Amino acid sequence: MNTAVVVAGIMVLALTLYACTGIADYGAGFWDLTAGGRDRGRRPRSLIDNAVTPVWEANHVWLIYVLVLCWTGFGSTFASVMSTLYIPLAFALLGIVLRAAGFAMSKDAARARMRHLAGWIFGAGSFLTPFCLGTAVGAVLTGRIPVGNAAGDELTSWLNPTAILVGLLTVAIGAYVSAVYLSAEARRHGAPGLQGYFRARAIAAGLAGLALGVVVLISLWFDERQMFDRVVQRGWPLLLASLVLLAATFLLAGGTRMWRVRLAGAGGIAALVWAWAVAQYPYLLPFSLTVQDGAAGPATLRWLLIWAAGALLLVVPALILLFWLDQRGELGEDPATSRAPTLHEGSAQA
Amino acid sequence: MVESVDADLLAAPAQLLPAREQMALTLMFHIVFVPFGIALPTMMLIANFKGLRRNDPVALTLARRWSHAAGLTFAVGAASGTVLSFEMGLLWPGLTGRFGEVFGLPFAIEGVLFFLEAILVAIYIYGWRRLQPWTHFWLGLPIPFVAIGGAFSIISANAWMNMPAGFTIDENNQITNVDPIAAIFNDALPYELGHFLVAAYMAAGFTVASIYVVGWLKDRRDRYHRLGVLIPLTIATVLTPVQFVVGDLTAVAVFEDQPAKFAAMEVVTDSGTHQAEVLFGRYDSATNTVEGGISIPGLNSWLAGGSVDTYVPGLDQVPPENRPSNVTVVHWAFDIMVGVGTVLLLLAFWFFIAYWRRRDVPGNRLFLWFAASAGVLTYIAVEAGWIVTEVGRQPWIVYNIMRTEEAVTNTDAGTLWISFSLIALLYLSLAIGTITVLRAMSRRWRRTDRTDDDLAVYGPRPAVEEGAER
Ligand code: HDD
Ligand code: HEM
Ligand code: HEM
């Protein structure tokens, strides 16, 4: 293995984690948006609020890490993608900011009207970002990004059937994994009604995703035959794994062993991301730039790897601590400062 | 893209202006949240420590509220920082595409450190209710250090743009011998980092103090407001004289490293000794002269080299196409920063004397009005300082190596103007939203003052209610 490939692998890993966490958060925003009127949607929304807030920023950072790794390790790829895909990526960014604004507002908006507005902002952002990021993936996948400063077509590179379908698929993926996580979360809070509610949504979104996946493949067949062959010939075990895990979540989501459900949901998404990566290898930009040709100098790659190991040592324990405390119920919204105080506050204990 | 073969090399592409405007707007927005991210955790931990050691519920309340404010500013800072990461490619593909391998590593370090900070902040904020008090404090303790690490890396990237290092350009105009560690520890890092960290603590300190000083002015003179003024104000005022010295060292270092920037910030038109210090005034680029302003003979040479005989190169030594495009802006920004620094120095000494005599928040209303405006003043200095650094480096994006117009995207200028307008609108509403939420927070805190809130800083939190009432 040479360092450039390892760095590319780390990038795909970060992307996988982003798909399993960050994109899932956008999915939660989608369910927030579609939960219905204020009364009907209150219970699911309260669960979503509770599930998403403590880990929000942590999930979000994976995307930044992908960007930074890309411009440090594969600068010309980064420059080519960002400049040709200016429009969808600027919209993805818009969604991120909208979502953050909705998040910040809803966190403290005591008044119902403000909360409602925040929910809409949050929801709109939650659709825009995964969709636009998905179209960008579609543009890369179909080889529409040549090397150079805005060298590709700024519109047709992403405004084409395959890319748009990949965008929709990304939205469906987010909705699916988040519904899986939320059904597990509902179980943890002892809310069987909500568990069923999100299980039904997980199945609906999973089936929609499956259908979209098939349509993406068909579209790819017409659009970029060479890439289609690579996806199918090299990626089939991963696609199969993804299918099996999808079915597994359907079966498990009504049960009691919720960590399995989460794992199966995340695993299915990870398999899809890796199917894409495997199909593209060794190209960063199909079919013009390879990992080797597009990589940074050896010293930079070496330091990126050293730092990745250091990052693992720093971040993994902290993440484990966060999730461990969270799962033990040691973490939670602090009602006295972030919401209007409720009456049954804990007793004095300084 | 049609390449205009004989185009005037110096004619700036149409997309340069919107790209610069967008970068400047988003950076100047982001930087507002940065001092809070760096310094607020320190203040909240000091209050937390005081509260636990002295069994002081008021200090604990402050700590807890500051942690929530830190959480909010952290979230907005993270979102606006994400915008910047995208923009490094959306707006400046020429920079990241060519030099990403040289100066990208600190961004990778920063990404991880911010991630760590986000996790620790989340644990701290969401751990108030259930964690053991001292465990909670210890879990929060790494946050300020991680934040300083993040500032170190990002400032290192910026310092590299000012003093590029860690690579060579061969005869084929290719980058070789890349040494990312040499790039991180470039010559401008020590002074930029030192000066900026002090500025961040000052900005957050004066701003937080301002808020409680306003309460003090409204005769809310309880222990809560006393601590709320004294903790941040002590930090900020102690650092103010330090900043005066560090700022001076920075100016001397810029004089040696980046003569064109120094000439612009001091509007030195003609090279020579016995340079006068000119306050404000207007620079005319056509004739290379300054109109108006107040001139103090010899002072500039003396500040730069310790004697009026110091030779200071002027803008006349810089070829016109390499002069900062907006000398007047750089110069005014510099004078404003130094002016604010001087005014704050007065405030600091006033506070030291008054506190030494009364051991309390000074009661003098003039002092209080002065202190109440200190937060805004410091922020003006921070923004002005960044204008000196960034606009003063023009026309270079990488000093003496890459011009800004070589780095800008080839995306259509119209698209850029649209995205710039959208971002401007969005940021405006984000700013309004953030302020609204912070005010709503503080209003509600005031309502609940001395009620259930103070009693139960640590303690079990209520169970998650399914369908809680809103
Ligand atoms: C609290 C805010 C504050 C105060 C009171 C001062 N500064 Fe400052 N200054 C900054 C906040 C700042 C800053 C925003 O933090 C900058 C921008 C880039 C940087 O590293 O620090 C900066 C930049 C900056 C630069 C440009 C550095 C470069 O381009 O590399 C110089 C020469 C000075 N400062 C000099 C001074 C002097 C002589 C001061 C007088 C006492 C002074 N500053 C007070
Ligand atoms: C956070 C505080 C900062 C502020 C307020 C700031 C401000 C500015 C401003 C005002 C400009 C526009 C220059 C002009 O119009 O002539 C600019 C440009 C730019 N800055 Fe900064 N800057 C900051 C830090 C940084 C850092 C840390 C970097 C890291 C690499 C950076 C990278 C850039 C780039 C790439 C440009 C565009 C090219 C240029 O016009 O020089 N800035 N910044
Ligand atoms: C081109 C310039 C810059 C880029 C690309 C950038 C990037 C980012 C990113 C991606 C984040 C979010 C990290 C997360 O989600 O945890 C962030 C937040 C932050 N940035 Fe920047 N940044 C820039 C300039 C600066 C400067 C000059 C500073 C000053 C030290 C700074 C300090 C911070 C801090 C402390 C945070 C944490 C958020 C907070 O506490 O408010 N950034 N930045």
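The values are calculated or read from the model by the stated rules, or taken from the named source; none is laboratory data. These figures come from a predicted structure and were not determined experimentally. Cβ placement follows ideal geometry from the backbone for every residue including glycine, while neighbour counts extend to all protein chains displayed. Only protein heavy atoms, including side chains, enter the accessible area calculation; ligands, DNA and RNA are left aside. Shrake-Rupley method; radii C 1.70, N 1.55, O 1.52, S 1.80 Å.
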Name, by its number, the condition in (1) near ligand 3 (Cβ under 10 Å from one of its atoms); (2) open to solvent by less than 20 Å² (accessible area, probe 1.4 Å) that does not hold for B:F36. (2)
Looking only at residues in the range B:107-136 that are within 8 Å of chain A (Cβ to nearest Cβ) and among the β-branched types (V, I, T), which one is nearest to ligand 1 (Cβ to nearest atom)? B:I109
Pick out, from the range A:161-277, the helices (runs of 4 or more DSSP H) lying fully within it that include 2 or more residues that are more than 25 Å from A:A14 (Cα to Cα) and of a type in the set (S, T, N, Q). A:192-223
Go through the range A:292-309 and report how many residues are part of a helix (DSSP H, G or I), closer than 14 Å to B:P180 by Cβ and without any contact (Cβ under 8 Å) to a residue 24 or more places away in the chain. 4
Give the residues of the range B:414-467 that are part of a helix (DSSP H, G or I), more than 7 Å from chain A (Cβ to nearest Cβ) and modelled with pLDDT under 70, sorted by residue number. B:D454
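Quick grid of which residues meet (1) under 17 Å from the mean Cα position of the chain (by Cα); (2) open to solvent by 40 Å² or more (accessible area, probe 1.4 Å); (3) away from ligand 2 (no atom under 15 Å from the Cβ); (4) more than 25 Å from B:L344 (Cβ to Cβ):
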site	(1), (2), (3), (4)
B:A147	yes, no, no, no
B:A151	yes, no, no, no
B:M161	yes, no, no, yes
B:P164	no, no, no, yes
B:A188	yes, no, no, no
B:A204	yes, no, no, no
B:K218	no, yes, yes, no
Going by the structure shown, is B:G205 part of a helix (DSSP H, G or I) and more than 27 Å from B:M163 (Cα to Cα)? yes
Quick one: which residue in B:N326, B:N364, B:N300, B:N322 is open to solvent by less than 20 Å² (accessible area, probe 1.4 Å) and among the polar types (S, T, N, Q)? B:N300
Kindly indicate whether any position in the range B:101-114 is within 11 Å of ligand 2 (Cβ to nearest atom), in a helix (DSSP H, G or I) and surrounded by fewer than 23 Cβ atoms within 10 Å (Cβ to Cβ). no
B:F185: passes all of (1) more than 14 Å from ligand 3 (Cβ to nearest atom); (2) at pLDDT 90 or above; (3) touching an Asp or Glu at 6+ places or on another chain (Cβ under 7 Å) but (3)
Does any residue of the range A:196-211 turn out to be within 14 Å of another protein chain (Cβ to nearest Cβ) and surrounded by fewer than 22 Cβ atoms within 10 Å (Cβ to Cβ)? yes
Checking the conditions here, which among A:L331, A:L343, A:L322 is modelled with pLDDT under 85 and more than 26 Å from the chain's Cα centre (by Cα)? A:L343
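Would you call A:G167 of a type in the set (G, A, S) and more than 11 Å from chain B (Cβ to nearest Cβ)?
Details: of a type in the set (G, A, S): yes; more than 11 Å from chain B (Cβ to nearest Cβ): yes.
When the stated conditions are applied, A:G167 passes them.
Looking only at the range B:349-361, which residues are surrounded by 21 or more Cβ atoms within 10 Å (Cβ to Cβ) and aliphatic (A, V, I, L, M)? It would help to see each step written out before you state the result.
First pass over the range B:349-361, keeping only residues surrounded by 21 or more Cβ atoms within 10 Å (Cβ to Cβ): B:351, B:361.
The answer is B:V361, and nothing else.
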Among the residues of the range B:277-292, is any under 28 Å from the mean Cα position of the chain (by Cα), crowded, with 17+ Cβ neighbours inside 10 Å and within 16 Å of ligand 3 (Cβ to nearest atom)? no
When the residues of the range B:372-422 are narrowed to those that are of a type in the set (S, T, Y), within 16 Å of ligand 1 (Cβ to nearest atom) and open to solvent by less than 10 Å² (accessible area, probe 1.4 Å), which ends up nearest to A:N149 (Cα to Cα)? B:T404
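Could you check the range B:256-281 and list, in sequence order, the residues that are under 21 Å from B:V340 (Cβ atoms) and either more than 16 Å from ligand 2 (Cβ to nearest atom) or free of Cβ contacts under 8 Å to residues at least 12 places away in the same chain (or both)? Explain how you work it out, then say what you get.
From the range B:256-281, those under 21 Å from B:V340 (Cβ atoms) are B:261-262, B:264-267, B:277-281; that's our starting set.
Hits for the range B:256-281 are B:F262, B:E266, B:V267, B:E277, B:V278, B:L279, B:F280, B:G281.
Would you call B:L239 open to solvent by 10 Å² or more (accessible area, probe 1.4 Å) and free of Cβ contacts under 8 Å to residues at least 60 places away in the same chain?
On the way: open to solvent by 10 Å² or more (accessible area, probe 1.4 Å): yes; free of Cβ contacts under 8 Å to residues at least 60 places away in the same chain: yes.
Yes: the conditions hold for B:L239.
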Please verify whether the range B:80-98 includes one or more residues that are surrounded by fewer than 24 Cβ atoms within 10 Å (Cβ to Cβ), within 12 Å of another protein chain (Cβ to nearest Cβ), within 16 Å of ligand 1 (Cβ to nearest atom) and modelled with pLDDT of 90 or more. yes
Test each condition in (1) more than 13 Å from the chain's Cα centre (by Cα); (2) within 12 Å of chain B (Cβ to nearest Cβ) for A:L33 and report the one that comes out false. (2)
When B:L193 is evaluated against the numbered criteria (1) in contact (Cβ under 8 Å) with a residue 12 or more places away in the chain; (2) within 15 Å of ligand 3 (Cβ to nearest atom); (3) more than 30 Å from B:R98 (Cβ to Cβ), which criterion, by number, is the only one it fails? (3)
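Going by the structure shown, is B:I169 open to solvent by 60 Å² or more (accessible area, probe 1.4 Å) and either in contact (Cβ under 8 Å) with a residue 24 or more places away in the chain or within 16 Å of ligand 1 (Cβ to nearest atom) (or both)?
On the way: open to solvent by 60 Å² or more (accessible area, probe 1.4 Å): yes; either in contact (Cβ under 8 Å) with a residue 24 or more places away in the chain or within 16 Å of ligand 1 (Cβ to nearest atom) (or both): yes.
Yes, satisfied.
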Collect the residues in the range A:77-97 that are at pLDDT below 90 and open to solvent by 10 Å² or more (accessible area, probe 1.4 Å), keeping them in residue-number order. A:L94
Quick check: is even one residue across the range A:229-245 surrounded by 15 or more Cβ atoms within 10 Å (Cβ to Cβ) and among the aromatic types (F, W, Y)? no
Looking at B:A39, B:A47, which one is more than 26 Å from A:L69 (Cα to Cα) and within 16 Å of ligand 1 (Cβ to nearest atom)? B:A39
Among the residues of the range A:1-37, count how many are open to solvent by 30 Å² or more (accessible area, probe 1.4 Å) and small (G, A, S). 1
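Residue by residue, here is whether (1) under 30 Å from B:R393 (Cβ atoms); (2) in contact with a Lys or Arg (Cβ under 7 Å, 6 or more places away or on another chain); (3) modelled with pLDDT of 85 or more holds:
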site: B:R129; (1), (2), (3): no, yes, no
site: B:I154; (1), (2), (3): yes, no, yes
site: B:Y191; (1), (2), (3): yes, no, yes
site: B:P232; (1), (2), (3): no, no, yes
Need the failing condition index for A:T300 against (1) touching a Gly at 6+ places or on another chain (Cβ under 9 Å); (2) polar (S, T, N, Q); (3) open to solvent by less than 50 Å² (accessible area, probe 1.4 Å); (4) away from chain B (no Cβ under 14 Å), just the number. (4)
